[in-house]
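Values quoted throughout were computed directly from the atomic coordinates according to the rules given, and no laboratory measurement underlies them. These numbers were taken from a predicted model, which means no experiment stands behind them. Cβ placement follows ideal geometry from the backbone for every residue including glycine, while neighbour counts extend to all protein chains displayed.
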Amino acid sequence: MDERSFLSATGAPFPAAIRSAFTHPLADTQAMFAILCAILAGLCWGVGEIFTKGAINTKEIGPMGAVFFRAGITLPLALAAFLVAHSVVKSEPQVWWRDMSGPTWAKLIFGSGVLAGFAGVFFFYLGLAQPGGDISLLRPIAFALAPATAVILGWLILKEELTPRKIAAVVLIVSGIVLLTGGRKAPAAPTRVQGHDGSECGRQESNLQSLSATGT
């Protein structure tokens with residue numbers, strides 16, 4: 001149905017959204033797929049890091065061990081995905097390693113490799129291992145600052161359009177971070193009790209266990 005037949009059948013003008021869908025169906029589909037990929041990425045990160053935090057909480061592995069383990073698992077999966085995209089789907093430039101310029105190499109090495117690939121994961125996992133490093137706090141902060149930074153740097157460096165909607169989104173993101181981090185109470189110090197010999201001892205689990213063992 002085109003715009004003229006729609007108008008004659010309904011007596012109403014052709015809606016803009018429907019007009020866009022008919023005139024640019026491929027672009028709309030690609031945009032929706034891109035948004036779907038972003039949603040799936042967020043879900044994977046959100047669920048995956050819950051397991052990471054649980055593993056670190058066991059004290060059986062430290063944050064740097066988790067970083068190393070993540071890199072080891074990621075490499076073969078990334079290699080398999082690249083081979084499929086390069087050799088089967090043909091969506092990758094076939095000789096990118098030969099044709100890629102020096103600045104592009106530098107952007108990938110420093111930006112994608114050092115900053116996004118290592119440093120971001122390094123500091124995030126290091127934070128998870130600290131007292132008070134709740135994933136419900138650190139995750140929103142880390143992944144709210146990322147889009148806010150991307151909007152600002154995209155405008156300054158990549159010359160992307162900075163619309164009022166993007167500005168409002170950045171303001172809301174920063175406000176959310178302030179709400180998350182503001183007014184947090186410091187962990188209470190262990191309560192001290194006076195012992196019979198005049199010394200102080202903390203009410204800690206290890207002390208209770210030792211007292212229990214002495215009593216038996």
In this structure, the FRET efficiency calculated for Gln130 and Val178 from their beta-carbon separation, with R0 = 22 Å, to the nearest 0.05, is 0.60
Here, Ser87 and Glu161, labelled 7 Å along Cα→Cβ, have an inter-label distance in nm of 4.2 nm
Simple spin-label estimate for Cys44/Thr58, 7 Å along Cα→Cβ, in nm, reads 2.3 nm
Expected unfolding gain across Leu77-Trp96 under the 0.36 nm per residue rule, minus the alpha-carbon gap, is 4.9 nm
By the mean-Cβ-within-10 Å protection proxy, highest first, 136-142, 152-158, 167-173 rank as 136-142, 167-173, 152-158
In whole angstrom, the spacing between the Cα centers of region 151-165 and region 81-119 equals 24 Å
Going residue by residue through region 72-89, the Karplus relation 6.51 cos²θ - 1.76 cosθ + 1.60 with θ = phi - 60° gives ³J(HN,Hα) values, rounded to whole Hz and with x marking Gly or Pro, of x, 6, 5, 4, x, 5, 5, 5, 5, 5, 5, 4, 5, 5, 7, 9, 9, 6
Most packed first (mean Cβ within 10 Å per residue), the peptides 123-131, 66-74, 95-103 order as 123-131, 66-74, 95-103
